[in-house]
Structures are given as structure tokens and as C-alpha cells.
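Remarks on the structure that follows.
The values are calculated or read from the model by the stated rules, or taken from the named source; none is laboratory data. This one's a predicted model, so the numbers in the text were calculated from it and none came from an experiment. Note that each Cβ is placed from the backbone with ideal geometry, even for glycine, and that neighbours are counted across all protein chains shown.
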Amino acid sequence: MPANPRYVPILVAKLGERNALRDLPPAARAGLTPLLVVPPIPINRDTGEPSKTVDDHLRDLTKDVSAKWAGPAFVDLGYFDDAQASLAEHPLEAFVDKLAKTEAEPGMAAIPVTSPNRSPQYQDAVVALHRRYGRGVCFRLSPDEWPALDKGTALKKLMGHLRIGPGKADLVLDCGSKIGDSSRVASSRFESELMGLPVPRLWRSITVAGTSAPVGMAGIPRGLTAVERVEWATYLDLVDHLGTRTPGFGDYAIANPDADAVAFPPGGSISAALRYTENDRWIVAKGGLFKGKNSTGGAAMNPVAQLLCSSPHFAGAQHCSADAWIADAALGASGGGPAQWRQHGTLHHLVTVSEQLASLFAP
């Protein structure tokens, strides 16, 4: 189980994010427990129907996830709250069971994620999994579920139903994209919530999370654009106020959950772009078209990588394998595509944040 994780990145478990986890160096893995959101089934654009069954989707994903991450991980099947696999069990239960059958030593210890607003069937699956594997639960609470709103009544009721106390539970207070523009305001909101938590010292772990990452590239000009990481500034403010009582840090890496609600139009254009994490901001490097009229495919990434590598923002090719890839692309190697850009941007981010936290809490 997580040993008081210092960093909980919330990642939609798509190919780029899974490959980023695979490539994490050992130092970055220490103290990091990913919260993996199982993505919805892709839609076939010709038929408008799901491209595969729930069972096939979960089976394919478990094989890849178990091959790329070993150790504790929170797993969230919120997209499948009301879905039903063809087997006589909820998709959450089916997913964790499939992981248990495919994992090799030391394996991935999957901890189910839930919240008070999930369906009764989903909650029953959490109960069954805790009985089967004894790993407890992670409560991922959106702002409308935070305990201060009802003095913890809904959360206590859910814990009673699950028969899981705080000592077997991890708590994630998740702002999502609603963290706002002011780190001081966000920090005060988190601090107020933390001070009013039921039995605050008994939780297995507590994490505060949110993101201010851009939803997309629309409106961002070509070149290098700085975007403040409000969630990181918020966390630093919490550290100043709470000291050793500071909870763990969570974010969405380089992604924004609102992007999942934006449908990509058929035939739309895609610009070559990298989201590059630096201290208290992202540097968004944007270039020409990868897809669309007069596009150049992967070659559109080469000048973007050159621009980033020649700037003072670049950490150097030796920083991690993602930076080595960017340096190679700057020299003319394959520029890849959106999945590779997400992979390397996410990997650089995870390594950078792990280094920031290690430095922040160094003895």
C-alpha cells in the first residue's frame, strides 16, 4: 500500500501516459503513486458506436498497464460507473481482477477509487475488492463532495457502507480544473478543508490536487508561451502554512480534464506542440501543422524542438529520456506525433515534479 505518497499524478491511462510511467527512472518512482483513470472506449467515427466491448477494452488495457507499472496505483473507473461488463461483475471489479491475473512480481497493487456520488453497483464492487485483496480504498472527492459542505456526513456514510475506516483509506481532495487563478485563494480553500476533516490524523494518506494546464492549443500563438502552474504555487503556499502537516501533492501532469469533454472535429488540424514543465510554469512550445492543410507531419515537431532546446528553459538532454528525445528531434530525428508528444511531455513533468518535491522536503 502507499507509504504516505508525496506525489499523486492523476493520469488518464492512454498510451502516452502509460509509456511515460514505463520510462520513469527509479528516483522519480520513489514516493509517486499514480491515480490512473481508465479512459472511455474510443468511438468509431464511421458508425458512432464504441469501437470495442467493455470486456475487450479492459483486457487490452490491463495487459499494457501491468507491463508498464509495478507497485501501488489508484484505479478510477468513473467513466464506467453505470456500465456493465459481459461478466457477472462491475467493470471496476473486472478490471482489478484482470490486473491481478496478469501482474508479475512485484506487480501492480491496484487500489479502487470511489466517491459518495458513485452508483450502488460501483460501491459494491469496492466492497468486494477490499474483501478479496485487502488494499482499502481511495476517496477522490470533487469540490461538490468535500466534507466541509455537510460536516462529513456523506463521506462517513460511505465509509460505513464500505466498512472501511480512514486507516485503510487514501483521501484526494481534487479541484480538477477549478483551482482558479489565485494560489493564495486556492491554498486557503484547501487549508480550511483540511482543518475540518473528520479524524484528520487517521487517514492512510491525504493529497490535494488540481490543475491549471491549458485545455488545448487554441488561442496559444506559435513560439514559446509561459503558463503559470497555479496548483504548484498553491502547494508551496500550503507548505508555508502547514509545515510538516502538509498533505501530498497531486496534479494532472500536463493535461486538463476538461479536454476530455472537447470532441476533436473530423478533419480538424493539429499543430506540433510540446508542454514543457519548468519550475512554477509550463513552457508551451507550438509550431506548424502536423495535420491539416499544408501540414508536414512529424517534421513539424523538429523546429519546435529546436526552439525549445535553444531556449534557457530546456533542462538538458541528460535530464531524462524525454529530454533526450527532444534533443534528438531538434537535430532532425523523427518528430513523432501527438501520442509521443504527450508521452515525453508527461515523463519530463513527472520527473521534474518528483525532483521538486524531493528538494522541498529534503532533510
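Looking only at residues in region 161-200 that are among the small types (Gly, Ala, Ser) and in contact with a Gly (Cβ under 7 Å, 6 or more places away or on another chain), which one is farthest from residue 33 (Cα to Cα)?
Among those residues, the one meeting the criterion is 186.
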If you go through region 43-59 one residue at a time, do you hit one that is of a type in the set (A, V, I, L, M, F, W, C), closer than 19 Å to residue 351 by Cα and either touching a Phe, Trp or Tyr at 6+ places or on another chain (Cβ under 8 Å) or assigned to a helix (DSSP H, G or I) (or both)?
-> no
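Residue by residue, here is whether (1) more than 15 Å from the chain's Cα centre (by Cα); (2) outside any loop (DSSP other than H, G, I, E, B); (3) modelled with pLDDT of 85 or more; (4) under 30 Å from residue 318 (Cβ atoms) holds:
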{"residue": "73", "(1), (2), (3), (4)": "no, yes, yes, yes"}
{"residue": "82", "(1), (2), (3), (4)": "yes, no, no, no"}
{"residue": "97", "(1), (2), (3), (4)": "yes, yes, yes, no"}
{"residue": "101", "(1), (2), (3), (4)": "yes, yes, no, no"}
Here the residues within region 297-333 that are of a type in the set (A, V, I, L, M), surrounded by 17 or more Cβ atoms within 10 Å (Cβ to Cβ) and part of a helix (DSSP H, G or I) are 300, 301, 304, 305, 307, 308, 322, 326, 327, 329, 330
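Please determine, by comparing only the residues of region 214-233 that are surrounded by 15 or more Cβ atoms within 10 Å (Cβ to Cβ) and touching an Asp or Glu at 6+ places or on another chain (Cβ under 8 Å), which one is modelled with the lowest pLDDT.
215
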Pick from region 4-57 the residues that are in contact (Cβ under 8 Å) with a residue 12 or more places away in the chain and hydroxyl-bearing (Ser, Thr, Tyr): which of them is farthest from residue 98 (Cα to Cα)?
-> 7
Those residues that are crowded, with 20+ Cβ neighbours inside 10 Å and either modelled with pLDDT under 85 or among the charged types (D, E, K, R) (or both), I need them from region 194-211; list them, please.
-> 204
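Could you check region 334-363 and list, in sequence order, the residues that are of a type in the set (Ser, Thr, Tyr), surrounded by 14 or more Cβ atoms within 10 Å (Cβ to Cβ) and in a helix (DSSP H, G or I)? Can you show your working first?
Here is the first cut: in region 334-363, the ones of a type in the set (Ser, Thr, Tyr) are 334, 346, 352, 354, 359.
Now drop any that are not surrounded by 14 or more Cβ atoms within 10 Å (Cβ to Cβ), which leaves 334, 346, 352, 354.
346, 352, 354 - these are the residues of region 334-363 that are of a type in the set (Ser, Thr, Tyr), surrounded by 14 or more Cβ atoms within 10 Å (Cβ to Cβ) and in a helix (DSSP H, G or I).
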Please go through region 34-80 and pick out each residue that is within 18 Å of residue 252 (Cβ to Cβ) and in contact with a strand residue (DSSP E or B) (Cβ under 6 Å, 6 or more places away or on another chain).
-> 34, 35, 36, 37, 39, 69, 73, 74, 75, 76
Just wondering, is there one or more residues in region 60-71 that are without any contact (Cβ under 8 Å) to a residue 24 or more places away in the chain, assigned to a helix (DSSP H, G or I) and closer than 25 Å to residue 126 by Cβ?
-> yes
